[in-house]
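Chemist: My questions all concern the structure below.
Laboratory data are not the source of any read-out in this text; all were calculated from the coordinates shown. It should be emphasised that the depicted structure is a prediction, and the values quoted were computed from it without experimental measurement. When we count neighbours, we look across all protein chains shown, and the Cβ atoms used for this are built from the backbone with ideal geometry, even at glycine.
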């Protein structure tokens, strides 16, 4: 085989490998039923200019930790309340026909961000800035995917759980 043919074969193989990697070919779309990484689960909120994205759904030692990033996509500063009135039960998980509420410690404090004296979590975001909401839940023992409900977004369905 000549050097030219080897170079053409190598370039063809490299092109095929690059196009086979997710996201490298134009117009690539996930296959139906393919699990998406948690960081790719994003959606609109009821706050204009703010999007929400699940960045973690991790099960460890019987506890499920959820992290949601709220990001300002507008060109102006925005403020909103991810939580108001200390209504932590507005953030919940469903799996296997069961609803899971935010865990609480021995003093009945939610395992989630602290609230101000009015019971609110306030977020003020400059353009492009983000804030993380997190909470801990009882982990569904056998579920591989959950649905996650928040007071400021539509439900996130089919969120894959990562173990460990």
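Chemist: Express in nm, to one decimal, how much length is gained between residue 94 and residue 77 on full extension, taking 0.36 nm for each residue of separation and deducting their alpha carbon distance.
Modeler: Result for the pair: 2.8 nm of gain on full extension.
Chemist: Measuring from a point 7 Å past the Cα of residue 144 along Cα-to-C-beta, which residues in the stretch 82-125 have an amide N at less than 20 Å?
Modeler: Correct set: 94-98.
Chemist: Relative contact order for the stretch 61-164: what percent, with Cα pairs under 8 Å and sequence separation of 6 or more?
Modeler: Details: 196 pairs, mean separation 40.2, N = 104.
Computed over the stretch 61-164, the figure is 39 percent.
Chemist: Sticking with this one: Grab the Cα-Cα distance for residue 132 and residue 157, subtract it from 0.36 nm times how many residues apart they are, and report the gain in nm with one decimal.
Modeler: Here the answer is 7.1 nm.
Chemist: Right, something else. Once you place label points 7 Å from the Cα toward the Cβ at residue 42 and residue 108, how far apart are they in nm?
Modeler: Computed distance between label sites residue 42 and residue 108 equals 4.0 nm.
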